[in-house]
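Okay, structure first, notes after.
FYI, it's all coordinate maths here, none of it is from the lab. Quantities reported herein were computed from a predicted structural model and do not represent experimental measurements. Backbone-built Cβ (ideal geometry, glycine too); neighbour counts: all protein chains shown.
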Amino acid sequence: MKIKSIALSIVFLISPIIASNEINIKTNPVGVKIFLRGAELQHTAKVKVEKGLTDLVIGGLASNIDRNSLNVAAKGDVVIISVLQRFDYMKPAEKNPQIVSLEDSLEVLNRKLSLKQNENDILKIEIDLIMANKQIGGDNKSVSVAELMKMADFFRKRIGEIKTQQLSLANEMKKLEKEIDRVKKQLGELNAKLNRPANEVVVTFSAKSASAIELSLSYFIYDAGWQPVYDIRVNKLDSPANLSYKANVWQNSGLDWNDINIVLSTRSPVQNNNKPELYPWFIDFQTYALYRDKMTTAQKSLVAASTTGVDEAKSAETMADYFSAEEKQLSVEFNPSIKYSIPSDNKPHTVALQEFTIPAYYEYYAAPKLDNNAFLLAYLTKWNEYNLLPGQANIYFENSYVGQSFINPFTTKDTLIISLGRDQNITIKREMLKDFTEDKFLSSDVERFFGFDIVIKNNKNIPVNILVEEQLPISKNEDIRVKQIDLSGGKLNPVDGKVTWKVNAEPSKSISKKFVYSVRYPKDKSISGL
């Protein structure tokens, strides 16, 4: 009885291995959802399984899978027993057409180099042969001058020809070696990606009978993402602004995403999604000690952040004509109605998402203390209705590139101000008034006077509105008193010290504004920043 028990145990252990069928299939992504960082890939497959246990080995997957994100579903009369993600280090990866083309080019270049080296070797042998037979006459035979000159001419001509050929061959071989080196470097970069171990997912099924199943597999990868970018175009000052919402999409999954559904989501799964916790806040009397920098790294980061300012014949269609925006509970998803491709090259590929026409009004701005030019500004209103994300904006005015700005939709302002560039036809001068250059000394104080004449001239053929800004210093000490003397009707903001004038400048005319103030402080003190 004891022997039978052992035999049954052995049969039980090996029977699943014998009964299990293994099916290898390769799938390509049929859909991708790209997040701000990371992406979710979907694969599907149809396969027939036999009765009993079947191990379905799925290949053709991305290289850097988050195994915790694996999600497998199947339609059919089967039971999913287990799901396993593994690496296959032995399976040779399929070479993409670019690698095959480069390898062919390398073979041709190496063959050319070998032929050139052979030619050079033959020329060397010829020189050796000539030099070995340079003796003209024997020991008992004299050589005439004519024969000697004839042989000298031969040596000079032939060796000269050989040396010229060798020099030409050396240059050709040098060029071939450089080209071979470039091809090898490019191959090395591509093969480094190709030589990654193959990712496989093994799904074990149990089927009561032979049947066909439909399998769907999804997983998350980190080597992908997208970044919002914008084009803001203004054609005329009596027209609204056009905003193009674009995405720079990149991926380095090891798979080229060819002609598939690619959805862009504003969600970011890699962020910490745990809710914050408040812990007890203890306070106590301060203990004094010698000063040392005890700021933590986090505190220093906060200080650094607090001091850093955050501060279109018919036009061709773009992908923006085929995207629709769907607002989810926690994100916005941009769904295309056509398929497109993103190669695995880790480079940004720009895709147009949406086109908006935004109401705008325009005005000139000048800060003569800092710059003698007037800047044309566009004030975009209602821009916060379009589910925008923070990102760089390329500015175009009258079909010419102006520069870049930054869109921060999380600001509380409902108007977005964009600079369209300098206008050289408006000149501004800020000159010091000589009548206000002397200081007044009082009993214990000194009062310094500052006066400027600001002249705005419009050299254009049309009138323009200009917002001109100056500033008064703001005292942080009660012993320092700032007094406004003449602001020429300018409006003062006491919080930030800015003085503003709204000037309507007629064509070819100048407007002057006086700006005079004084600063009084104790004569035994000095003021920084004045």
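General observations
- Residue ranges 162-175, 50-63 sort as 50-63, 162-175 when ordered by packing (mean number of other C-beta atoms within 10 Å per residue, highest first).
- Estimated dipole of segment 329-450 in Debye, rounded to 20 [Cβ of Lys and Arg +1, of Asp and Glu -1, Cα centre]: 240 debye
- Taking the fewest neighbouring Cβ atoms within 10 Å as the starting point, the ordered list for 226, 383 is 383, 226.
- The packing ranking, built from the mean of other Cβ atoms within 10 Å per residue, places the peptides 384-395, 115-126 in the order 384-395, 115-126, highest first.
- Segment 455-530: GluC sites (Glu not before Pro) in DSSP coil with no more than 15 other Cβ atoms inside 10 Å: 478
- Listed residues 510, 493, 411: farthest to the positive end of the dipole of segment 360-530 (Cβ charges): 510
- Around the Cα centre of segment 360-530, unit charges on the Cβ atoms of Lys, Arg, Asp and Glu (plus for the first two, minus for the last two) sum to a dipole of about 180 debye.
- The H on the amide N of residue 510, modeled in the peptide plane, is under 5 Å from the matching H of no residue at least 5 residues off or on a different chain.
- For segment 195-261, the fraction of C-alpha pairs farther apart than 20 angstrom is 62 percent.
- Loop-resident GluC sites (Glu not before Pro) (DSSP state other than H, G, I, E or B) in segment 314-364 with no more than 10 further Cβ atoms inside 10 Å of their Cβ: 317.
- Sequence-distant contacts, meaning Cα pairs under 8 Å at least 6 residues apart, place the relative contact order of segment 360-530 at 22 percent.
- Chymotrypsin sites (Phe, Trp or Tyr not before Pro) restricted to DSSP loop in segment 398-471 with at most 10 other C-beta within 10 Å: 410
- Going from the residue with the fewest nearby Cβ atoms within 10 Å to the one with the most, 266, 500, 411 rank 411, 500, 266.
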